[in-house]
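Pasting in a structure now, in structure tokens, and then I'll have a few things to ask.
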């Protein structure tokens, strides 16, 4: 066998490394994008504004800061996930950067997985920055941390899980539709998903065919309502360990299914 | 072993909302390119050149036929480590510097980490981008991007390089440098498959060419054979207007530029023409047989019918 065959065999087998390189490049693209910094700055500004609202809300300062602060982190992170997620695949095809990647020993599923992990990594780092801003605002308002503040970490963890699901859904839509269509589909699904519990309640009350249809829909859309504990932690209510385990499993399985769907579509797509 | 082997490779796209109509982008293509050859893939816009390259790169899936490169299926990851590809009008991650881009592609091609920096510096030097490695690609000119594109295609020292319009966007100096680069790849024993509109480049570089039109292969030929064919005509160049009358009397069409006159005559008129030039006591500069050009072959193949191609 020729000497060139040795690296070729390595290239065929070392997929985790290639996913890592693609993920790092996706992360690097996001952190060099000015739009991202504008959004983070705007989110931190909102966290700061929560302080202002807190100071004019006598007796419920902490509740206001937590509600507004965590909602800002959640909303702006979701906007970042949608804005970047919808272009993850389509932008690479439009600009033909994908051609030179797939002309290398990179499998299509590795490319999708790398893009997904890259954006999730970006969102985790963003959330960390926004969380630091949020806790600084909270400390400024309350002058001390208390035991109940630990539940805020659980709320932030759920927000990250929400980002993972949104990213996976955006990636799924991005694998077969235009960026505009992907943005609309993902945002609509996000909106419906925030009312998933209401949809499930409605499904339980329905009868006959509509019962089965609404039940199917209720379980098909991502349940973002279950991942939102902002209001309860603002009122110092604890977050049960079982809920953390359930939500973790749910978000990861849902994201895995959506990413698998994106991979399945992308594997058979002609890159015209 | 052939470097590239296609058998009845074809691609048809469904068009329209329901994809019921079809558009044939490439008719069954059977082609073989041996290792170590520089192969030119010629054709006008929309001929199917880029479709062929995308099929060979595994970017689109064939509707029929097979393609093997270096004996492996085009989707085999072991193959991809041994080939390099420059797409037409390449656009790269413009937030990266050229060095970062090449490092990224080298990593994806399984170049060992300890070798990457050395390879990146060497390839940047080879494509004439020494000193520009730390500049973000968004600040590159079109010509510099094309060079960066060629650099990424060879960063992992592939055995076979596919170049889609490699001269596009380059100034005359850049084109010359790319020609030199392709020649150096050939001297290293690599196979180069490139598509181009610029026939002079193909004539200067290629061992063989294929002509494609409307998705159909119209002909394959050895460049040296195509251009060595003598057409029975001779180009005569002399200095001095005194011979013009005598040459015109022979029925020659003369073109004068300053004191220098050029005429293309048939071979059987050559003796009479030289006698006329001698009698006029003007200086004969050259007598050259007129050879067929690649351009003539290209035009002739484009206008050929499907039946002629089949013959």
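Quick one: residue A:204 ticks every box in (1) surrounded by fewer than 16 Cβ atoms within 10 Å (Cβ to Cβ); (2) in contact with a helix residue (DSSP H, G or I) (Cβ under 6 Å, 6 or more places away or on another chain); (3) under 30 Å from residue A:237 (Cα atoms) except a single one, so which number is it?
Answer for residue A:204: the failing condition is (2).
Hey, among B:226, B:212, which residue is in contact (Cβ under 8 Å) with a residue 40 or more places away in the chain, within 28 Å of residue B:42 (Cβ to Cβ) and outside any strand (DSSP E or B)? Full working, then the answer.
Working: B:212 fails: outside any strand (DSSP E or B).
Answer to the selection: B:226.
Moving on. Go through segment B:2-23 and give me each residue that's at positive phi and either exposed (fewer than 12 other Cβ atoms within 10 Å of the Cβ) or within 14 Å of chain A (Cβ to nearest Cβ) (or both).
Those that are at positive phi and either exposed (fewer than 12 other Cβ atoms within 10 Å of the Cβ) or within 14 Å of chain A (Cβ to nearest Cβ) (or both): B:16, B:19.
For segment A:243-272, which residues satisfy the criterion of being under 14 Å from the mean Cα position of the chain (by Cα) and surrounded by fewer than 16 Cβ atoms within 10 Å (Cβ to Cβ)?
Hits for segment A:243-272 are A:248, A:252, A:253, A:256.
For segment B:163-178, enumerate the residues that are in contact with a helix residue (DSSP H, G or I) (Cβ under 6 Å, 6 or more places away or on another chain) and part of a strand (DSSP E or B).
B:164 - this is the single residue of segment B:163-178 that is in contact with a helix residue (DSSP H, G or I) (Cβ under 6 Å, 6 or more places away or on another chain) and part of a strand (DSSP E or B).
Taking the conditions exactly as written (part of a helix (DSSP H, G or I) and more than 28 Å from residue B:223 (Cα to Cα)), does residue B:181 satisfy them or not? I'd like the intermediate steps shown before the answer.
Working: part of a helix (DSSP H, G or I): yes; more than 28 Å from residue B:223 (Cα to Cα): no.
For residue B:181, the condition - part of a helix (DSSP H, G or I) and more than 28 Å from residue B:223 (Cα to Cα) - is not met.
Which of the numbered conditions does residue B:35 fail, given that it passes all the others? Conditions: (1) farther than 23 Å from residue A:96 by Cα; (2) without any contact (Cβ under 8 Å) to a residue 40 or more places away in the chain.
Only one criterion is unmet by residue B:35, namely (2).
Regarding segment A:177-193, can at least one residue be identified that is in contact (Cβ under 8 Å) with a residue 40 or more places away in the chain and within 14 Å of another protein chain (Cβ to nearest Cβ)?
There is no residue in segment A:177-193 that is in contact (Cβ under 8 Å) with a residue 40 or more places away in the chain and within 14 Å of another protein chain (Cβ to nearest Cβ).
I'm trying to understand the selection: among the residues of segment B:49-105, which are more than 9 Å from chain A (Cβ to nearest Cβ), buried (at least 22 other Cβ atoms within 10 Å of the Cβ) and in a strand (DSSP E or B)?
B:69, the sole residue that qualifies.
Do we have residue A:49 as touching a strand residue (DSSP E or B) at 6+ places or on another chain (Cβ under 9 Å) and free of Cβ contacts under 8 Å to residues at least 40 places away in the same chain here?
Numbers: touching a strand residue (DSSP E or B) at 6+ places or on another chain (Cβ under 9 Å): no; free of Cβ contacts under 8 Å to residues at least 40 places away in the same chain: yes.
Judged against the criteria, residue A:49 is not a match.
Moving to a separate point now. Can you spot a residue in segment B:167-176 that is under 24 Å from residue A:21 (Cα atoms) and out of contact with any strand residue (DSSP E or B) (no Cβ under 6 Å at 6 or more places or on another chain)?
No, because not a single residue in segment B:167-176 is under 24 Å from residue A:21 (Cα atoms) and out of contact with any strand residue (DSSP E or B) (no Cβ under 6 Å at 6 or more places or on another chain).
A further question on this structure: Spot the failing condition for residue B:309; the list is (1) under 26 Å from residue B:44 (Cα atoms); (2) modelled with pLDDT of 85 or more; (3) outside any strand (DSSP E or B), and only one is missed.
Single failed check for residue B:309: (2).
Turning to a different aspect of this structure: If residue B:234 passes every condition in (1) part of a strand (DSSP E or B); (2) within 28 Å of the chain's Cα centre (by Cα) but one, which one does it miss?
Here residue B:234 meets the rest and fails (2).
Does any residue in segment A:24-37 that is at the interface with chain B (Cβ under 10 Å from one of its Cβ atoms) come within less than 8 Å, Cβ to Cβ, of a residue that is at pLDDT below 85 and part of a helix (DSSP H, G or I) six or more places away or on a different chain, and which pairs are these?
Between residues of segment A:24-37 that are at the interface with chain B (Cβ under 10 Å from one of its Cβ atoms) and residues that are at pLDDT below 85 and part of a helix (DSSP H, G or I), the close pairs are A:30/A:36.
Could we say that residue B:200 is in a helix (DSSP H, G or I) and at pLDDT below 90 here?
Details: in a helix (DSSP H, G or I): yes; at pLDDT below 90: yes.
Judged against the criteria, residue B:200 is a match.
A follow-up question, please. Which of the helices (runs of 4 or more DSSP H) contained wholly in segment A:64-156 include at least 2 residues that are within 14 Å of chain B (Cβ to nearest Cβ) and buried (at least 24 other Cβ atoms within 10 Å of the Cβ)?
So the answer is A:108-142.
The values are calculated or read from the model by the stated rules, or taken from the named source; none is laboratory data. All of these numbers come straight from a predicted model, not from anything done at the bench. Cβ atoms come from the backbone with ideal geometry, glycine included; neighbour counts cover every protein chain shown.
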